[in-house]
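What follows draws every value from the coordinates through simple rules; no lab data is involved. Not measured: the values here are computed from a predicted model. Virtual Cβ from ideal backbone geometry, glycine too; neighbours counted across all protein chains shown.
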Amino acid sequence: MVGRGLLRHGAKVTGRAGGPNRTAPAAAKHRIGRAPYAAGVSDDDLVRRLRAGDESAFAEAVNTYHSSMVRLAQTFVSSRAVAEEVAQDTWLAVLKGIDHFEGRSSLKTWIFRILANRARSTGVHEQRTTPVDLTDEATVDSRRFDAVGAWSDPPAHWSDEVVDRLSSGPLVAQVRAGISELPEGQRAVVTLRDLDGLSSKDVCDVLGISQANQRVLLHRGRSRIRALLELELAKR
Amino acid sequence: MRLPTLRRDVVCQQAVELVTDYLEGRLSRRDARQFEAHLRACDGCEEYLRQVKATITVLGSVQPDDLAPETRQGLLELYRQFRGE
Ligand SMILES: [Zn+2]
């Protein structure tokens, strides 16, 4: 088994998973790439303006990242209000630390890592128990397979319809609820990877977990949400 | 990391466990070929993979809550305090 409480262990590690692999060429490539985020803002430009004390740069960063930060923080703390506090504290840490930002990760990854570390330590402070995946978790209920492992109850065909059904009805709200019920590690990985669109490497970086654990948590989280969709789509 | 060794004929119960490793490009070329061969022959697993991809699309459509104007204003005030204005 993998994934035993590694998120929690990760919290104590100040280095990043894969840190030594972050070579200078990779960092340079990232900067040249100038991958635009939602607002079409390049990191270099935004970082320079933040360092210069440009308030409009801070406002842009808040517009781009704050809502996602609160969403991620909610994975680790018990209430929306505490999540907002953690996000606010993170902004102060970002302002204090921006001169030391080295551009080895994207600005977004750097901010999210500060946030995740703070949210986790706040969660500990609140004495909130962290659900840790210890048990093996079947991707699909084993009763749906026969003795040799072939489908006895194969999936109904709904993959083509699901996107059409997103715009109407409560499906997105149900998926949101399903995400909030995922165990902490799965929720954090699914949120960062599939909702915020981070790469697997960046997810490992933010959460301080290995690639292997990232994949296990992603697999389990996605499998649970797929099962939820299957139930909802079978209700017609 | 447990990466099941694929039998020559991968069965459905194994195939569903491999979906994420497949999508993440973590299967060996040989295992990926066997996985794909199974999907070509198995309607249930082909649909299963489509469902996981559809799930990823659905997850990608889940937006965070809008930034409340008062939250934004509060953060800008925090910024001005920080800058000592
Ligand atoms: Zn199959």
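Take B:38-46, B:13-21, A:138-146 and order them by the average number of nearby Cβ atoms within 10 Å per residue, most first; the result is B:13-21, B:38-46, A:138-146. Averaged over peptide A:219-230, the number of partner chain Cβ atoms lying within 10 Å of each residue's Cβ comes to 5. Volume per residue for the stretch A:53-176 equals 208 cubic angstrom (convex hull of Cα atoms). Does anyone have the angle between helix B:29-41 and the longest principal axis of chain B? Alpha-carbon axes, 0 to 90°, nearest 10? With both axes taken from Cα atoms, the answer is about 80 degrees. Count Lys and Arg as plus one, Asp and Glu as minus one, and take only other residues whose Cβ is under 10 Å from that of A:ASP160; the net charge is then -2. Straight-line reach from A:LYS235: taking Cα to Cα under 14 Å and skipping same-chain neighbours fewer than 8 places apart, the aspartates and glutamates in range are A:GLU161. Each of the peptides A:212-224, A:149-161, A:54-66, B:68-80 was scored by the mean count of other Cβ atoms within 10 Å over its residues; in descending order, highest first, they stand as A:212-224, A:54-66, A:149-161, B:68-80.
Comparing A:ALA173, A:THR191, A:VAL216 along the charge dipole axis of the stretch A:154-236, the residue lying farthest to the positive side is A:VAL216, per the Cβ-charge model.
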